[in-house]
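Read-outs throughout are calculated quantities, based only on the coordinates presented, and are distinct from any laboratory measurement. Just so it is clear, the model here is predicted, and its values are computed rather than measured. Positions of Cβ are backbone-derived with ideal geometry, glycine not excepted, and every protein chain shown enters the neighbour counts.
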Amino acid sequence: MSTATLRKNRKPARLAKRQEPTMAEQADLHALYQESVQNAEFELDFMEATFKEWTGREARSMREDFCGTALSSVEWVKRHEKNTAIGIDYEQSVLDWGRDNNIAKMNADQLSRIELVNANVLDVETGKYDAIQAFNFSYWIFKQRAVMLQYFKSLRESLVDDGVLFLDFFGGSECYQTQKEKRKLDGFKYVWEQADFNALTNVMQCYIHFHFPDKSKIKRAFDYQWRVWGPSEIREILEDAGFSKHGLYRQKFDPKTDEPLDEYIMTDEGEDYACWLGYIIAQK
Ligand SMILES: C[S@@+](CC[C@H](N)C(=O)[O-])C[C@H]1O[C@@H](n2cnc3c(N)ncnc32)[C@H](O)[C@@H]1O
């Protein structure tokens, strides 16, 4: 067979169909995270009001541990012309994203009142602040009591004399089991997965996934391995670290529907809701 015949009989190569990038491929992970997980406005309202209740004055300086994209620090500085913030995270790429997207929108005066530090919160040395926040349960990455104690002691050192520490918290039977929870947001679905729970160590493996209307997905966009601490354990460690006063603010529930409300009250009543959110507050 001649090469001419071969060529003639060969089917024309099908032109590769140009694939449009999927929604998952085009998505910005940190933007999705901020939209689905964070509510800096609500958290800062809570911090401002509680700080005033506990100290009788306004908080002006704030340290944000595990700051990620520094969304909360940026919002804090924008709230008042005398507010200052320092954000600490050990992942340079997430700090860079925060600089390019959140900090880039600040004016010169606001820029002069914010600082981002690439460091491990366990051994960073900072000045002293009115308020410190460690939110989104990030401090649960410390799984040993001795390490948590070391962390709380260093936080206490970084507070002014009447300074207040804000930690968030969740509890209820659902945090001791594997489960998936989906939430529909504008243009994507947020999926929270508690993929594994060790009933002996209380160590939980969690993931955040994002699903899009074109069926594309970002699986395991973020992963966390936390020890699920009990509120009394954390409060005892705060006492051992030298904090003079502490309290637990728990999410309220609608008495008729049992739906959670965006309202937190200081309480030691622990009705047995399957899942509740809260804050533990401690004063130096
Ligand atoms: C769940 S994100 C929290 C982001 C934000 N603060 C929030 O409330 O959603 C956790 C962040 O903590 C950072 N991180 C984890 N361990 C850290 C450590 N020991 N020191 C500093 N940053 C840490 C990670 O790089 C990540 O950006």
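Brief remarks on what is shown
- Under-5 Å amide H pairs with LEU116, H placed in peptide plane, nonlocal only: GLY87
- The value of relative contact order for the range 13-107, using C-alpha pairs under 8 Å at least six residues apart, is 23 percent.
- Note on the range 196-222 and the range 118-194: Cα centroid distance 18 Å, given to the nearest whole angstrom.
- For the chain, the relative contact order works out to 15 percent when only alpha carbon pairs closer than 8 Å and six or more residues apart are counted.
- Environment charge at GLN194 (Cβ cut-off 12 Å; Lys +1, Arg +1, Asp -1, Glu -1): -4
- Checked against a 31 Å cut-off, the cross-linked pairs LYS182/LYS256; LYS105/LYS215; LYS52/LYS219 give Cα-Cα distances beyond that limit for LYS105/LYS215; LYS52/LYS219.
- ASP100, ASP89 arranged by Cβ crowding within 10 Å, fewest neighbours leading: ASP100, ASP89
- Here the range 175-223 is treated as a Stokes sphere of Kirkwood radius computed over C-alpha pairs; at 10 °C and 1.306 mPa s its diffusion coefficient rounds to 138 µm²/s.
- Residues ASP258, ASP130, ASP186, ASP45 in ascending order of nearby Cβ atoms (within 10 Å, fewest first): ASP186, ASP258, ASP45, ASP130.
- Relative contact order of the range 175-223, pairs being alpha-carbon contacts under 8 Å that are 6 or more residues apart, as %: 29
- Among CYS275, CYS175, the order by Cβ neighbours within 10 angstrom, fewest to most, reads CYS275, CYS175.
- Where N is the number of residues in the chain, Cα Rg divided by 2.2 N^0.38 Å: 1.25
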